[in-house]
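Enquirer: Please see the structure below; I have some questions.
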Amino acid sequence: MTGGAKVTVAGAGALGLSAALALADAGCAVTVCDPHGAGLASGVAAGMLAPVFEAALDAQAAAHFDILTAARDLWPGLEARAGVTLDRSGALAVGDEAWLAGVRAALGRLGEHGIELPRRTAQALAPGLSEAFDQAILVREDWRLEPKPALAALRRAAEAAGVVFRPEPVTGVGGADWLVIATGADRGLAGVAPELGVLTPIKGQIARYGGFPGAGVSVRGEGAYAVPGEDGLAVGATMEAGATDATPNPKALAPLLKAGARLFPQLAGADHAVAVGVRAATPDGLPMAGLSWAPRVILATGARRNGWLLAPLVAQVVAACVTGAEAGPYAHRFDPRRF
């Protein structure tokens, strides 16, 4: 089907909004339905667009480094289109020498090489960083954004492009030509798209220290990352597979807080708020983006911990499914029917 299709998008998170904007730009009549009004997990996330350290520090992500990098490279276009602000200051890795040696080796396997920094330079980039770390590795290729302002910018751009928003759930394709399911870990539409049954929910907790300076680069360490933002420093994140509740879990949070305080000693015992989001993961760690076995249904979900990073690439694939445009070289790896 060509442009002009009537499309319903279920879900107003990073993937749903990016897909809605791409579809509207392709000439489709788009309605976004979400009873929550905004993507829950997308708003809780740290907003890292970080293909290098994600692949270096996460074994499952390492196999998909080419995809993560390609998605990051699409972000400047979406930044210009939607008015999303990207922070390109980069990210630091700090830790014991043995751990840093492992990071260097992982970067080498990816064909990447970070910038070696002494302690004082690292502390200038990340004020408050512990005196315990003599060296750091800086990666300029990892970026970030502020999730809530980014969601608002995407929604404004979508509304300006003619997208209609409705605060209601979706039960099926209905009178639309296509239904795009971008509901994250919610498997309420599994009766419509059976592929949703393969998703595993992953509960993530992030501690936010509002009284801590929000300037500086992102920091990766052993057991935690620390990301500066407009509302303070965010330390994350737990990954509790199978959990679907949005209630803080002190037992799972305790090791994270300890690791965060090792990076920034001022955090020890400091007041903080806990934000909880539930993400969705597929068995291979890549999202499902493309045609369902069900007729007139497209999936855009299951991005695990990289929903923001992958959003423009998922949107490109979704729009291609509706319009018949070229979906790009990664569409087959996103195909929901692979499971």
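Enquirer: Let me check against my output: what whole-number percent is the relative contact order of the chain, with C-alpha pairs under 8 Å and at least 6 apart?
Expert: Worked out over the chain, it gives 25 percent.
Enquirer: Turning to a different aspect of this structure: Can you say what percent of the DSSP beta bridges in the chain, counting only those with both residues inside, are antiparallel? Round to 5.
Expert: Here the share of antiparallel DSSP bridges comes out near 70 percent.
Enquirer: Another question, if that's okay. What order do you get for 244-257, 307-320 when each peptide is scored by the mean count of other beta carbon atoms within 10 Å, highest first?
Expert: For the peptides 244-257, 307-320, the packing ranking is 307-320, 244-257.
Enquirer: Sticking with this structure for a sec: Given 0.36 nm per residue, what is the gain on full extension from ALA98 to PHE339 after removing their alpha carbon distance, in nm?
Expert: My answer for the length gained is 82.9 nm.
Enquirer: Then there's this: Can you tell me the FRET efficiency between ASN249 and LYS6 if r is taken as the Cβ-Cβ distance and R0 is 45 Å, rounded to the nearest 0.05? Don't skip to the answer; put the middle values down first.
Expert: Numbers: r = 42 Å, r/R0 = 0.94.
Calculated transfer efficiency: 0.60.
Enquirer: Can you tally the net charge around ASP66? Count Lys and Arg as +1, Asp and Glu as -1, for every other residue whose Cβ sits under 14 Å from the Cβ of ASP66.
Expert: -1
Enquirer: Turning to a different aspect of this structure: How high is the relative contact order of region 248-307, given as a whole-number percent (alpha carbon pairs under 8 Å, six or more residues apart)? Don't skip to the end; give the middle numbers.
Expert: Values: 53 pairs, mean separation 15.5, N = 60.
Relative contact order of region 248-307: 26 percent.
Enquirer: Here is a further query. What does the helix-only formula give at 222 nm for the chain: each DSSP H stretch with n ≥ 4 adding -39500 (n - 2.57), the total divided by the residues, and the result rounded to the nearest 500 deg cm²/dmol?
Expert: After summing the helix terms and dividing by the residues of the chain, the value is -10000 deg cm²/dmol.
Enquirer: Label-point separation (nm) for ASP134 and HIS332, each offset 7 Å from Cα along Cα-to-Cβ?
Expert: Taking the two extended label points, one gets 5.0 nm.
Enquirer: Stretched out fully, how many nm does the piece from ALA241 to TRP293 gain, at 0.36 nm a residue minus the Cα gap?
Expert: Numbers: separation 52, 0.36 × 52 = 18.72 nm, distance 2.63 nm.
Fully extending the segment from ALA241 to TRP293 adds 16.1 nm.
Enquirer: Select from region 56-158 those GluC sites (Glu not before Pro) which occupy a DSSP coil region and have at most 11 other Cβ atoms within 10 Å, ordered by residue number.
Expert: Answer by residue number: GLU131.
Enquirer: Which order, highest average first, do 195-204, 68-77 follow once you tally other Cβ atoms within 10 Å for each residue and take the mean per peptide?
Expert: The peptides rank, most packed first, as 195-204, 68-77.
Enquirer: Just to check I understand the Karplus step: with θ = phi - 60° and J = 6.51 cos²θ - 1.76 cosθ + 1.60, what whole-Hz values come out for region 270-276, glycine and proline as x?
Expert: Per-residue couplings from phi come out as 6, 5, 7, 10, 10, 9, 10 Hz.
Enquirer: Which of rounded, prolate, oblate describes region 283-339, given a ≥ b ≥ c as roots of the alpha-carbon gyration tensor eigenvalues and a/c under 1.5 marking rounded, otherwise prolate only if a/b is larger than b/c?
Expert: It comes out oblate by the Cα gyration axes.
Enquirer: Next question, about the same structure. Between GLU230 and THR69, how high is the FRET efficiency from 1/(1 + (r/R0)^6) when r is the Cβ-Cβ distance and R₀ = 25 Å? Nearest 0.05. Intermediate results must be reported in sequence, preceding the final value.
Expert: Working: r = 27 Å, r/R0 = 1.08.
After rounding to 0.05, the efficiency reads 0.40.
Enquirer: If you don't mind, another one. Hey, which aspartates and glutamates would be in cross-link range of LYS251, C-alpha to C-alpha under 13 Å, not counting anything within fewer than 8 residues on its own chain?
Expert: Reachable aspartates and glutamates: GLU240.
Enquirer: Using 0.36 nm per residue of separation minus the Cα-Cα distance, give me the extension gain between ARG166 and ALA124 in nm, one decimal.
Expert: 10.5 nm
Enquirer: Can you tell which of LEU78, ALA158, LEU107 lies farthest toward the positive end of the dipole of the chain, using +1 and -1 charges on the Cβ of basic and acidic side chains (Lys, Arg; Asp, Glu)?
Expert: ALA158
Coordinate-derived values only; no laboratory data. Computed from a prediction, not measured in an experiment: that's the story for all the values here. With ideal geometry, Cβ positions are generated from the backbone for all residues, glycine too; neighbour counts draw on all protein chains shown.
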